[in-house]
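The values are calculated or read from the model by the stated rules, or taken from the named source; none is laboratory data. What you see is a predicted model; the values in this text were computed from it and never measured. Cβ coordinates were reconstructed from backbone atoms using ideal geometry, including for glycine residues, and neighbour counts include every protein chain displayed. What goes into the accessible areas is simple: the full protein's heavy atoms, side chains included, and nothing from ligands, DNA or RNA. Shrake-Rupley method; radii C 1.70, N 1.55, O 1.52, S 1.80 Å.
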Amino acid sequence: MRCIIMPMLLFQRHVVHSFRAIYRPTTTALRAADLDNEETRAMDNVYLAWSEEDDKLLYENRNLPPAKLSSVLGRGINGVQRRLTKLTDVDSAAYARLFIKGKDSLRTTDDENKERLTPAQEILRRIKWDPACNSDDFTVLHYDRIDETLHETPFNAENMSIKGKERQFVFALPEHRIEQIKYRERTVWDKQLRLDLVFGSMGGSTIDQVTATYDEWKSAQDEKKVAQMKLQTLVLGKLEAILEESRMDKLKEMSSSLLHDAKRDSSNVRDYVKSAVGLYFDAKKNSAASQEGFHDFLHLLSDLAALLPDESLREGLLKQIEVSILRSSDTSGATSKRSVELPELNEDDIEEKFVKGSGAGGQKVNKTSNRVILLHSPTGVRVECQDTRSLQQNRKLARKRLRSKVDEFVNGNSSRASQAVKKASSKKARNKARAKRRRQKKAEE
């Protein structure tokens, strides 16, 4: 979901002027004067109403991680968890509205197992050949396996990077890399959420209904953004009360730097959350910082992160905040072991060589130095990569591989690879024991 509103925390004063220019005068944008009026300052609480569409989306995807749900719904982790509790409480009004009023359109777990999500290629063909669909209004979000991020590409974009005869990029793109398809600002197909608003294969609307009611949907989204702006003001005030002015300015500076860093990755996001947590404990060093206060701070941070316009950054921040919440709640330390972090690599410690490749691929491989060899001097770990014809892609893949190898060398049985092996082995043992019990039960019958 592309957000137009950018949280004020991630702005400097000169960015606010361009932010206001995004809106037309007739839209529901809030001016700075509106945010500073007496009514806004007097707010003790701002409630973002949950629509039936939000409740339905939350319940049908309740098995997804809280950070993912928070990112999709634009709400903090705590708010999502509390709402899900209400949706599973038979005595709550939210449960009654969802399961009584909306029972005809609600998908249950059994329905999800029976229904088949329409493949992305069929959605793309419908958009291309249906006269009622203006292909210029559609965009495709696809996964980049090198950068590990989602890229949004116009439907009619020309294919300039994928080898083959297909001239249109979205049709040349491998289907498994397509994650979402949008009509203007509304997501009409989502692989992970099993959402299909083009053919309506999962019990939702069809593309004809989406285009006919888009203005109404956009108006509702604008009203929601106004409420989100008020919520931002409230959250910022609470954060400033916790951190005080000097640390709040530092957090703003860190946030602006992260938002505008074109080369940011998961390590930058992780460092940002660590620094924000450090500011909290620095503010509390002269007083007893209770565990409840720390949780409140993390949930406020998640409320603000959920309103970010950048989808990948929003989800990445929420994931790291969720890890911090789980770690602070886990007294046994098991969560920390499960969430062991990959060691950071210093470029000064890496020796890099480029040699000629070998194997299939013709002259592009055999007569160019696109094979990457990395040596980590402190540990002596060595990796090679010749997965693609592109030297730059091989360099990125080699560094990812080196981090994993150094993790195994440094952390041993606690490394991510070792934990994945243990998890798979444990799952296999459980399945084997379950199958054995079934055979015994069948034999007794």
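What number goes with the only condition from (1) of a type outside the set (A, V, I, L, M, F, W, C); (2) assigned to a strand (DSSP E or B); (3) surrounded by 16 or more Cβ atoms within 10 Å (Cβ to Cβ) that residue 201 does not pass?
Condition (2) is where residue 201 drops out.
Give the number of residues within the stretch 71-84 that are under 9 Å from the mean Cα position of the chain (by Cα) and of a type outside the set (A, V, I, L, M, F, W, C).
Within the stretch 71-84, residues that are under 9 Å from the mean Cα position of the chain (by Cα) and of a type outside the set (A, V, I, L, M, F, W, C) number 1.
Could you please give the count of residues in the stretch 411-422 that are touching a helix residue (DSSP H, G or I) at 6+ places or on another chain (Cβ under 9 Å) and open to solvent by 60 Å² or more (accessible area, probe 1.4 Å)?
Looking only at that region, the number is 4.
Hey, can you tell me all the residues within the stretch 243-262 that are closer than 20 Å to residue 296 by Cα and open to solvent by less than 20 Å² (accessible area, probe 1.4 Å)?
243, 248, 251, 255
Which numbered condition in (1) on the phi > 0 side of the Ramachandran plot; (2) without any contact (Cβ under 8 Å) to a residue 24 or more places away in the chain; (3) among the acidic types (Asp, Glu) is the only one that residue 216 fails?
(1)
Quick check, is residue 406 on the phi < 0 side of the Ramachandran plot, in contact with a Pro (Cβ under 9 Å, 6 or more places away or on another chain) and surrounded by 10 or more Cβ atoms within 10 Å (Cβ to Cβ)?
In short, yes.
Taking residue 444 as meeting all but one of (1) open to solvent by 60 Å² or more (accessible area, probe 1.4 Å); (2) within 26 Å of residue 148 (Cα to Cα); (3) of a type outside the set (Val, Ile, Thr); (4) modelled with pLDDT of 80 or more, write down the number of the exception.
Single failed check for residue 444: (2).
Tell me whether the stretch 155-164 contains one or more residues that are in a helix (DSSP H, G or I) and either surrounded by 13 or more Cβ atoms within 10 Å (Cβ to Cβ) or at pLDDT 90 or above (or both).
No: zero hits.
Residue 400 - would you say it is assigned to a helix (DSSP H, G or I) and open to solvent by 90 Å² or more (accessible area, probe 1.4 Å)?
Considered against the rule, which asks whether it is assigned to a helix (DSSP H, G or I) and open to solvent by 90 Å² or more (accessible area, probe 1.4 Å), residue 400 comes out as no.
If residue 331 satisfies all but one of (1) at pLDDT below 75; (2) β-branched (Val, Ile, Thr); (3) surrounded by 14 or more Cβ atoms within 10 Å (Cβ to Cβ), what's the number of the condition it fails?
Checking residue 331 against (1) at pLDDT below 75; (2) β-branched (Val, Ile, Thr); (3) surrounded by 14 or more Cβ atoms within 10 Å (Cβ to Cβ), the one that fails is (3).
I'd like to verify a number: residues in the stretch 387-403 that are in contact with a Leu (Cβ under 7 Å, 6 or more places away or on another chain) and not basic (Lys, Arg), how many?
The number of residues fulfilling the criteria is 3.
Go through (1) in a helix (DSSP H, G or I); (2) open to solvent by less than 70 Å² (accessible area, probe 1.4 Å) one by one and return the number of the condition residue 209 breaks.
Only one criterion in (1) in a helix (DSSP H, G or I); (2) open to solvent by less than 70 Å² (accessible area, probe 1.4 Å) is unmet by residue 209, namely (2).
Tell me which of these residue 136 doesn't satisfy, since it passes every other one: (1) exposed (fewer than 13 other Cβ atoms within 10 Å of the Cβ); (2) more than 24 Å from residue 262 (Cβ to Cβ); (3) in contact with a helix residue (DSSP H, G or I) (Cβ under 6 Å, 6 or more places away or on another chain).
Status for residue 136: all satisfied but (3).
Run down 274, 182 and say which single residue is more than 29 Å from residue 162 (Cβ to Cβ) and within 20 Å of the chain's Cα centre (by Cα).
Exactly one of 274, 182 is more than 29 Å from residue 162 (Cβ to Cβ) and within 20 Å of the chain's Cα centre (by Cα), namely 274.
Just to be sure I understand the filter: pairs with C-beta atoms under 8 Å, separated by 6 or more residues or on different chains, first member in the stretch 343-354 and aromatic (Phe, Trp, Tyr), second member assigned to a loop (DSSP other than H, G, I, E, B). Which pairs pass?
Filtered contacts from the stretch 343-354: 354/369; 354/370.
Does any residue in the stretch 146-161 that is under 17 Å from residue 392 (Cα atoms) come within less than 9 Å, Cβ to Cβ, of a residue that is open to solvent by 20 Å² or more (accessible area, probe 1.4 Å) and of a type in the set (Asp, Glu) six or more places away or on a different chain, and which pairs are these?
147/265; 148/265; 149/265
As an exercise: evaluate residue 169 against (1) in contact with an Asp or Glu (Cβ under 8 Å, 6 or more places away or on another chain); (2) open to solvent by 40 Å² or more (accessible area, probe 1.4 Å) and give the number of the one condition it does not meet.
Among (1) in contact with an Asp or Glu (Cβ under 8 Å, 6 or more places away or on another chain); (2) open to solvent by 40 Å² or more (accessible area, probe 1.4 Å), residue 169 violates only (2).
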